Amino acid sequence: MKPNIGIKPEDLAEVAKCMSSLLADEFVLYTKTRNAHWNIEGPDFHTMHLFFESQYTDLAEIIDGVAERIRSLGHYAPATLGSFLELTHLTEKLSHSNTGSGFLAELLEDHESIIILLRGYITLFEQKFHDLGTSDYVTGLMETHEKLAWMLRAHLK
């Protein structure tokens, strides 16, 4: 049964489409953060290994929340690696080395890219699609990514 929550079905579909793309971005970033956790090398290995673990743990919670938000809008969340790669704005390729600074810089770029995307979604969802709930939800996600990006940035100083 489709939700009857005061938002036109075509608007719900558009919001779910945007959120599916966001879910793909979150999953790719999660995977890249796992890669950093597994493949970090150098004198800061232990510290960075634990730091990346804390970051991917936060991202795992985000992924679940985004998928559940899509479902609450009456749509199915994409859930295959192929669909994530088709929908993402990010690249899965790493352009830096397996050092702490290399992984930190790469992951920071991705977080900042997601922050910019989310900032645009806040107004879009509220004004164009009249979905204040999802607008509020992505505002919270943006704040979470800003904190995760700050932590990455602080390591690069």
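Here are a few things to note about the model shown:
- Restricting attention to region 110-133, the residues that are closer than 23 Å to Trp150 by Cα, surrounded by 16 or more Cβ atoms within 10 Å (Cβ to Cβ) and acidic (Asp, Glu) add up to 1.
- The residue pairs whose first member lies in region 70-92 and is under 12 Å from Val28 (Cα atoms), whose second member is β-branched (Val, Ile, Thr), and whose beta carbons are closer than 6 Å, counting only pairs six or more residues apart or on different chains, are Thr88/Val28; Leu90/Val28; Glu92/Val28.
- Criterion (at pLDDT below 95 and either within 14 Å of the chain's Cα centre (by Cα) or of a type in the set (Phe, Trp, Tyr) (or both)) met by exactly one of Glu143, Glu92: Glu92
- Each residue in region 54-94 was checked for being outside any loop (DSSP other than H, G, I, E, B), of a type in the set (D, E, K, R) and either in contact with a Leu (Cβ under 7 Å, 6 or more places away or on another chain) or surrounded by fewer than 19 Cβ atoms within 10 Å (Cβ to Cβ) (or both), and 6 pass.
- Selection within region 5-32 - modelled with pLDDT under 95 and among the β-branched types (Val, Ile, Thr): Ile5, Ile7
- Of all residues in region 46-65, those that are over 18 Å from Asp110 (Cβ atoms) have Cβ atoms under 7 Å from Cβ atoms of residues that are not acidic (Asp, Glu), 6 or more apart or on another chain, in His49/His37; His49/Ile40.
The values are calculated or read from the model by the stated rules, or taken from the named source; none is laboratory data. Please read all numbers here as calculations on a predicted model, not as lab measurements. Positions of Cβ are backbone-derived with ideal geometry, glycine not excepted, and every protein chain shown enters the neighbour counts.
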